[in-house]
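The values are calculated or read from the model by the stated rules, or taken from the named source; none is laboratory data. This one's a predicted model, so the numbers in the text were calculated from it and none came from an experiment. Cβ sites come from the backbone with ideal geometry, for glycine too, and all protein chains shown count toward neighbours. Only protein heavy atoms, including side chains, enter the accessible area calculation; ligands, DNA and RNA are left aside. Shrake-Rupley method; radii C 1.70, N 1.55, O 1.52, S 1.80 Å.
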Amino acid sequence: MQRLIRFITIKAVFPLVLAAGKLIKADRDRLSARLIRLNNRLVIKMARQIKADQIIVILPHCLQNENCELKIASDIYKCKRCGRCDLEKLASAGERYNLSINIATGGSSALRIVKEAKPQVIAAVACERDLISGIRDIYPIPVIGICNRRPDGPCRNTRVDIGDIEEALRAAGGIRTTD
């Protein structure tokens, strides 16, 4: 039943709500954030017993500080951990929980990562617009969406609270400490 509800939500409710929002000139990001929260509740109910090795985390490249000399295109564990962006905390959490964390440079890159990894669940960080698009494109693979913050505007030095990622993965049953 959960799968049917999720199918209807992603294939019918998402497009209808977004189209209606456009007609009434609603704030697309706020509307998308609500749809993402709805999606996350459905995914978490479905994914309660997923193991960490069945989950991948996909991050946008814009989380990296734009002034960093080392451009990380895929492997977050190459981060020098200078502390100027959130990649340091994300890499540490990935090691702590033994997570597969990937950086995608765009939608095609994210699709390639998913095809190679064949995950049971994806935890994705991005802006609302990219998350909605990704959730729809990746269906039927469940995606837990975590919205990034954009203090410098879109696609520049974005931020994410590692606690939000840990909370989402914990709710899905997918993280366990390796201590």
Open item on the list: How charged is the neighbourhood of ILE101? Take every other residue with its Cβ under 13 Å from the Cβ of ILE101, and add Lys/Arg as +1 and Asp/Glu as -1.
Closed with: -3
Open item on the list: Order 138-151, 69-82 from most to least packed using the mean count of other Cβ atoms within 10 Å.
Closed with: 138-151, 69-82
- [ ] Per residue, how big is the convex hull around the C-alpha atoms of the chain? Give it to me in cubic angstrom, could you?
- [x] 107 Å³
TODO: May I ask you to give the percent of accessible area on the chain that is carbon plus sulfur, with a probe radius of 1.4 Å?
DONE: 52 percent
Task: Tally of Lys pairs whose C-alpha atoms are under 30 Å apart, taken over region 33-179, 8 or more apart or cross-chain - done: 20
Task: Length gained when the stretch CYS82-ASN98 is fully extended (0.36 nm per residue, less Cα-Cα span) - done: 3.6 nm
- [ ] Find the centroid of the Cα atoms in region 108-137 and in region 43-80, then give the distance between the two in whole Å.
- [x] 11 Å
Open item on the list: Just the number please: accessible area per residue for region 95-179, 1.4 Å probe, all protein chains included, in Å².
Closed with: 50 Å²
Open item on the list: As a test, work out the antiparallel percent of DSSP beta bridges whose residues both lie in region 1-154, rounded to the nearest 5.
Closed with: 5 percent
